[in-house]
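Worksheet for the structure shown next.
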Amino acid sequence: MKQTQIWPDLLYVVRHGESAGNVARDAATAGGQHFIDIDIRDVDVPLSDLGQEQARALGRWYGALNKEAQPEIVLISPYLRARHTAQIIIEESGIKPAAVVVDERFREKEFGILDRMTPAGIVASHPEQAEFRKLLGKFYHRPPGGESWTDVILRLRSALEMISREYCGCKVLIVCHSVVVLCMRYLIEHMTEDEILAIDKENEIANCSVTSYVYDPTRGPRGQLSLDLFNFVAPLEEAGAPVTSKPDAKVGAR
């Protein structure tokens, strides 16, 4: 006997728009600097002007979707760039979410002592961490005071359980960060370390790109989420908004 559905009908996972941290990181890397010149907490880094343009373009795309495909629940990383992206999407699209929830489990990966360093800075200031990362790989390496990918995955497991419990049958939009997008794919699609790192190697998650899943009731006893879009940037391209995909300012090696 087929049991009750436990997943949303639609799940959108969106990376925030370009931030001032993206711009600062590019400048530091191009200048061969060891530290990224930004004087506020990572959680408080705002969108750049281009990031706002990207969010507006994506908002218009959501507004043009059939009502049956528009988000009704919005879950947001507490970081300012994610909150601002979600706000612009909601305003530009005209959607009226039943709930807008800021959830710290969707926050950026934390980099601890490597915060705000370029790759050259890490090698110069913490060569032992550069070696540990080579030995362990980015999936398991945890810098002091920071997180590994598996730490991010652990917090996302409880977030997915909450989504299946509270928002089954709903249309859910998550606005978050590039590593979170990839780790959500790892969890939802039951991937291995090698599989998700191969996807990461081949793709840079674009700012305001859309990764989406559709509920498929034919898969398994309770149905499953099936990947529909990944790193989808057509809404930006159609609106003439430049596509960007650089990591944020925290660290060069993610």
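The values are calculated or read from the model by the stated rules, or taken from the named source; none is laboratory data. What you are looking at is a predicted structure, and each value in this text was computed from that prediction instead of being measured. Here Cβ is always computed from backbone atoms with ideal geometry, including for glycine, and neighbour counts include all displayed protein chains. Heads up: the accessible areas ignore ligands, DNA and RNA and are worked out on the full protein's heavy atoms, side chains in. Shrake-Rupley method; radii C 1.70, N 1.55, O 1.52, S 1.80 Å.
Please work out the average accessible area per residue across the stretch 32-168, using the 1.4 Å probe convention, and give it in Å². Display every interim value, and only then the final one.
Numbers: 6610 Å² over 137 residues.
Per residue, the stretch 32-168 has 48 Å² of solvent-accessible surface.
Over the chain, what is the percentage of antiparallel beta bridges among all DSSP beta bridges, to the nearest 5? Before the final figure, lay out the partial values.
Details: 14 of 29 bridges.
Just about 50 percent of them are antiparallel.
Please work out how many pairs of lysine residues in the chain are eight or more positions apart (or on different chains) and have Cα atoms closer than 13 angstrom.
On the way: Lys67/Lys96; Lys67/Lys171; Lys96/Lys171; Lys109/Lys138; Lys109/Lys250; Lys138/Lys201.
Pairs that pass both the separation and distance tests number 6.
Each label point is 7 Å from the Cα along the Cα-to-Cβ direction; what then is the distance between the points at Arg165 and Ser245, in nm?
3.6
How large, in percent, is the carbon and sulfur part of the accessible surface of the chain at a probe radius of 1.4 Å? Walk me through the numbers before you get to the answer.
Working: 5880 of 11330 Å².
Summing carbon and sulfur atoms, their accessible area is 52 percent of the total for the chain.
If I stretch the segment between Glu189 and Arg157 completely, what's the gain in nm (0.36 nm per residue apart, minus their alpha carbon distance), one decimal?
On the way: separation 32, 0.36 × 32 = 11.52 nm, distance 1.26 nm.
Difference between extended and current length: 10.3 nm.
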